[in-house]
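Right, one structure below, let's go through it.
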Amino acid sequence: MGMKFGGEAAHECNCSRRSCPRQYLALSGFALGGFLILHIAVNALGFWPRRFQAAINRNHALGGALPLLEIGLIFLPLAVHVALGLRTLQREQLRYGVKKHHHGSDLRQWLQRVTALILLLFIALHVATMHRWFCGRFDSGSAFRSASEAIRHFWQCLPPVHPANQLIVELYMLSAAAAVYHLANGIATGAEVVGLAGTPAAQQRLWRACLFGAPVLLVAALAAVFAFALR
């Protein structure tokens, strides 16, 4: 029995098919997905602090080009994705079985919205905690130590083993799982939205590839959290 990929509903969002917001949501998601995979790969080097530091040094060797790349390849796609995602969430909320989704099962689309909310909270916390633009705690010259301290000792007035700090570690683990699901399901459905998987056979192949790749990415993401927070 084949898996039910999607395509059950007609196009009902009252927009021109040439400029459907879901297409921009999918394209910005692809850009963010590429960054997420790279980010997880680099963070998994946390098991080898010297290799992690070397990777961070290579990034910061870009000098003045680094902020431009961050804006163009991360923050602009993120702004588009969040704006359009919130538009969809405002319309569909967290109702199960909404009529206006076009691709994937009811459960998959409901989980896509739930994981989006988890990630929105996590990204705000993570960027505010780490990024230099917000006076974050990440120090590129002492990459492993500063990242580890920011995660496992988030509340500096409390010991790392305090439940409040452990809750932050658990949030990182939950967010890792949410990010992997959101990416895998987003690729599978987004490819159909933009016409990259236009036939049932292509949809089935892509969905199977996402099902295979998601556990691998999840193991790498959880390993990265373990390297910085629990080791």
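Numbers for the structure displayed
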quantity: Rounded to 10°, Cα long-axis angle of helix 49-60 versus longest principal axis of the chain; calculated: 70
quantity: Acute angle (nearest 10 degrees) that the helix 143-152 long axis makes with the longest principal axis of the chain, alpha-carbon atoms; calculated: 70
quantity: Cα-centre dipole for segment 77-144 with unit charges at Cβ (Lys and Arg positive, Asp and Glu negative), debye to 20; calculated: 280
quantity: Surface/4 estimate of mean projected area, convex hull on alpha-carbon atoms of segment 22-137, nm²; calculated: 8.4
quantity: Cα lying deepest toward the dipole's positive end in segment 84-231, options HIS182, ALA147, LEU196, charges on Cβ; calculated: LEU196
quantity: Cβ-placed point charges (K, R +1; D, E -1), dipole of segment 93-222 about Cα centre in debye, nearest 20; calculated: 280
quantity: MRE, 222 nm, helices only [DSSP H, n ≥ 4, -39500 (n - 2.57), over the chain, to nearest 500]; calculated: -22000 deg cm²/dmol
quantity: Theoretical gain in end-to-end length, LEU174 to ARG95 [0.36 nm per residue, Cα-Cα removed]; calculated: 26.3 nm
quantity: Charge dipole magnitude, Cβ of K and R +1, D and E -1 - the chain, Cα centre, debye nearest 20; calculated: 200
quantity: Segment LEU167-LEU230, extension gain: residue separation times 0.36 nm, minus the distance between their alpha carbons; calculated: 21.4 nm
quantity: Segment 69-86-segment 42-60 distance, computed between alpha-carbon centres (Å); calculated: 25
quantity: Nearest 10 degrees, 0 to 90: helix 200-225 Cα axis against the chain principal axis; calculated: 20
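Every read-out reported here was derived from the displayed coordinates using simple, explicitly stated rules and does not represent laboratory data. If you're wondering where the values come from, they're calculated on a predicted model, not measured in any experiment. Here the Cβ is made from the backbone with ideal geometry for all residues, glycine too, and neighbour counts use every protein chain on show.
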